[in-house]
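For reference, the structure is listed below as structure tokens.
None of the figures in this text is laboratory data; all of them are computed from the coordinates on show. Just so it is clear, the model here is predicted, and its values are computed rather than measured. Quick reminder, even Gly has a Cβ in these numbers, built from the backbone with ideal geometry, and neighbours come from all protein chains shown.
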Amino acid sequence: MSLDGGAGMAEENKAARKKIRATDLMNKIMSDYFYGLNEAATSGKQKVAWCTSVGPAELLRAMGFAVHFPENHAAILGATRMATDMIPVANAVGYSPEICSYLTSDIGAYLKGITPLSKAYPGIESIPKPDVLVFNTNQCRDVQDWFSWYARELDVPCIGITSPKSINEVTDAHITDVARQIEALIPTLEAIAGQKLDMERLRETVALSRECTELWKQVLETATATPAPLTFYDGTILMGPAVVLRGTRQAVDFYKALLAELEQRVTDGVGAVENETVRIYWDGMPVWGRLRPHSELFAGLNTTVLASTYCSSWIFPSFDGDDPIRSMAKAYLELFIVRSDSYKERYITSMLKKFRIDGIIYHDAKTCPCNSNSRYGMPQRLEEQTGIPGLVISGDLNDLRCVSDEQTKTNIEAFIEQLEEGK
Ligand code: SF4
């Protein structure tokens with residue numbers, strides 16, 4: 001993602017932009033979430049499931065599991081710039097530096113007995129020990145490999161959904177396939193949870209996920225205003241509850257408060273970046289360890305990065321409380337990363353229009369090919385079709401050894417200058 005993270009910790013990302021007041025509320029509910037998970041794992045009163053970012057979190061929550069998202073933990077490792085030192089530890093046990101740096105930094109941190117949660121949330125000593133690991137390969141194979149490592153290490157069951165990929169149109173056959181795979185998880189989960197699935201509770205959970213997703217969409221769409229009231233860098237932090245608290249009332253309440261604040265900014269004509277003159281679409285993963293410098297770089301160029309594939313990937317319009325399992329299957333399949341290039345191009349083209357974008361930046365993340373869309377000619381095709389220029393920057397989500405700060409800065413400055421001249 002990845003669909004992955006949503007670091008949900010605000011410390012990285014303060015300078016050069018106006019503080020969003022709802023961030024305080026977000027910090028509170030994220031803190032409650034992490035302490036709740038810790039309590040579940042240490043007291044044994046609630047079973048703990050680990051879930052991939054667009055795995056069946058609604059099902060797990062409805063069955064009473066406390067849910068931990070390793071990709072969120074890995075994003076926090078990246079945002080706190082701890083990740084790069086953890087990666088070699090996983091490399092030493094056979095996980096290549098070429099594969100997902102979320103995987104390698106998270107496993108490396110586990111092997112070193114370190115978590116950034118300890119510093120942010122005193123009293124939390126480790127990530128919560130799971131009772132079950134549940135993946136969905138809709139984003140990539142790495143998540144299954146990642147969870148399988150923990151399954152062996154901790155002797156915990158690992159179950160999941162194997163999703164089709166590169167889909168142009170999501171058909172009934174695709175949905176039936178994934179819905180059946182979701183149903184097949186239920187007996188194992190019931191045995192671990194020690195209780196039967198309550199369909200009414202699942203309906204309520206899916207309905208809450210739908211409400212959360214609608215609000216998150218409206219939050220992101222406030223950036224259609226000129227000037228945009230929030231940036232991509234705000235979004236990567238503010239999406240934390242949409243990632244880890246999907247299907248809960250807390251997430252819904254938070255996004256209502258955030259939306260009201262951003263709508264007020266739009267009414268007042270307040271932009272996230274002063275003197276916004278250039279509007280950028282970001283495709284691909286954030287560089288978690290560089291959120292702040294990137295945010296400052298663009299703000300200094302009177303440029304707002306205001307829409308992205310990444311933040312928008314947590315919009316799931318198909319969730320439907322009346323048809324929970326099929327609608328979950330459909331929502332998980334409609335994800336951008338699951339789709340064909342021709343779908344992705346149609347989607348990005350519509351985003352360029354909706355947000356009145358001047359240029360696209362594609363992040364080619366070294367260790368995440370699934371979420372790097374610049375490798376098979378897409379920037380050239382999109383520029384030809386839309387007339388909107390693109391720039392590819394090389395980097396990575398978590399492995400800062402793959403990031404050249406000087407080159408990134410020079411290339412972005414030249415690109416923005418080119419866009420200004422073309423206006
Ligand atoms: S490879 Fe990419 S999509 Fe897969 S888990 Fe890692 S960051 Fe996410």
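Computed over the Cα atoms of the stretch 13-153, what is the convex hull's projected area averaged over all directions, in nm²?
9.5 nm²
Report, as a whole number in µm² per second, the diffusion coefficient that Stokes-Einstein gives for the stretch 119-240 at 4 °C and 1.567 mPa s using the Kirkwood radius over alpha carbon pairs.
72 µm²/s
What percent do you get for the relative contact order of the stretch 144-281 when only Cα pairs under 8 Å and 6+ apart count? Don't skip to the answer; put the middle values down first.
On the way: 94 pairs, mean separation 30.7, N = 138.
Computed value for the stretch 144-281: 22 percent relative contact order.
Calculate the spin-label point distance for residue 173 paired with residue 85, positioning each point 7 Å from the Cα along the beta-carbon direction, and give it in nanometres.
For the pair residue 85/residue 173, the computed spacing is 5.2 nm.
Which residue, 408, 231, 248, has the most motion in a Gaussian network model of the chain that connects Cα atoms within less than 10 Å?
408
So what is the relative contact order for the stretch 90-130, in percent, with contacts set as C-alpha pairs under 8 Å and at least six apart?
On the way: 24 pairs, mean separation 10.5, N = 41.
About 26 percent, as a whole number.
Please compute the volume of the convex hull spanned by the alpha-carbon atoms of the stretch 177-246 and report it per residue in Å³. Spell out each step's value before the answer.
Details: hull volume 8.0 nm³, N = 70.
Taking only Cα atoms, the stretch 177-246 has a hull volume of 114 Å³ per residue.
Rounded to the nearest angstrom and ordered from largest down, what semi-axes does the equivalent ellipsoid of the stretch 309-393 get from its C-alpha gyration tensor (root of 5λ)?
Semi-axes from the Cα gyration tensor: 27, 15, 10 Å.
For the chain, modelled as a Gaussian network with Cα springs under 10 Å, which listed residue fluctuates most, 246, 210, 346?
346
Taking the chain as the region of interest, what is the percent of Cα-Cα pairs per 20 angstrom bin, listed from the shortest bin to the one with the maximum distance?
Going out from 0 Å in 20 Å bins, the chain shows 28, 61, 11, 0 percent.
Tell me, how many Å apart are the Cα centres for the stretch 57-126 and for the stretch 198-224?
Here the two parts' Cα centres lie 26 Å apart.
Farthest toward the dipole's positive end in the chain, which of 93, 184, 368, given Cβ charges of +1 (Lys, Arg) and -1 (Asp, Glu) about the Cα centre?
So the residue furthest toward the plus end is 184.
Can you list the cysteines of the chain that have no other Cys Cβ under 4.7 Å away?
Flagged as lacking a Cys partner: 51, 100, 158, 212, 311, 368, 402.
Once amide H atoms are built 1.01 Å from N in the peptide plane, which residues 5 or more positions from residue 397, or in another chain, come under 5 Å H to H?
HN-HN under 5 Å from residue 397: 366, 367.
What is the gain in length, in nm to one decimal, between residue 92 and residue 350 on full extension, counting 0.36 nm per residue of separation less the C-alpha to C-alpha distance?
Contour length minus the Cα-Cα distance gives 88.5 nm.
For the chain, find the longest principal axis of its Cα atoms and tell me its angle to the long axis of helix 405-422, 0 to 90°, nearest 10.
Taking Cα atoms only, the helix is inclined about 50 degrees.
What number, in nm² with one decimal, is the all-direction average of the projected area of the convex hull of the alpha-carbon atoms of the stretch 267-363?
Working: hull surface 33.1 nm².
Its Cα hull, projected and averaged over all orientations, spans 8.3 nm².
Which residue fluctuates most in the GNM of the chain (Cα springs below 10 Å): 334, 406, 211?
406
In nm, what is the difference between 0.36 nm times the number of residues separating residue 152 and residue 28 and their Cα-Cα distance? Can you show the working numbers first?
Working: separation 124, 0.36 × 124 = 44.64 nm, distance 3.43 nm.
Stretched out fully, the residue 152 to residue 28 stretch lengthens by 41.2 nm.
Counting Lys +1, Arg +1, Asp -1, Glu -1, what net charge surrounds residue 153 among other residues with beta carbon under 13 Å of its beta carbon?
Net charge in that neighbourhood comes out at -1.
Relative contact order, percent, of the stretch 22-422 when contacts are C-alpha pairs under 8 Å separated by at least 6 residues?
Values: 727 pairs, mean separation 74.8, N = 401.
So the answer I get is 19 percent.
With the crude spin-label approximation of a point 7 Å out along Cα→Cβ, what separation in nm comes out for residue 401 versus residue 413?
2.8 nm
Could you list which residues have their amide H under 5 Å from that of residue 230, counting only those 5 or more apart in sequence or on another chain, with H placed in the peptide plane?
Under 5 Å from the amide H of residue 230 lie the amide H atoms of 272, each far enough along the sequence or on another chain.
Compute the acute angle (0 to 90°) between the alpha-carbon long axis of helix 341-354 and the principal axis of greatest extent of the alpha-carbon atoms of the chain; round to the nearest 10°.
The two axes meet at around 60 degrees.
Considering the stretch 214-322, what Rg and Dmax in Å follow from its alpha-carbon atoms?
Taking only Cα atoms of the stretch 214-322, I get Rg and Dmax of 14.0, 48 Å.
Relative to the Cα centre, what is the charge dipole magnitude of the stretch 22-422, using +1 at the beta carbon of each Lys and Arg, -1 at the beta carbon of each Asp and Glu, and rounding to the nearest 20 debye?
With Lys and Arg at +1 and Asp and Glu at -1, about 660 debye.
With angles folded into 0 to 90 degrees, how steeply does helix 83-92 sit against the dominant principal axis of the chain? Use alpha carbons for both and round to 10.
The two axes meet at around 50 degrees.
Once label points are set 7 Å from the Cα along Cα→Cβ at both residue 198 and residue 145, what is their separation, rounded to one decimal in nm?
4.1 nm
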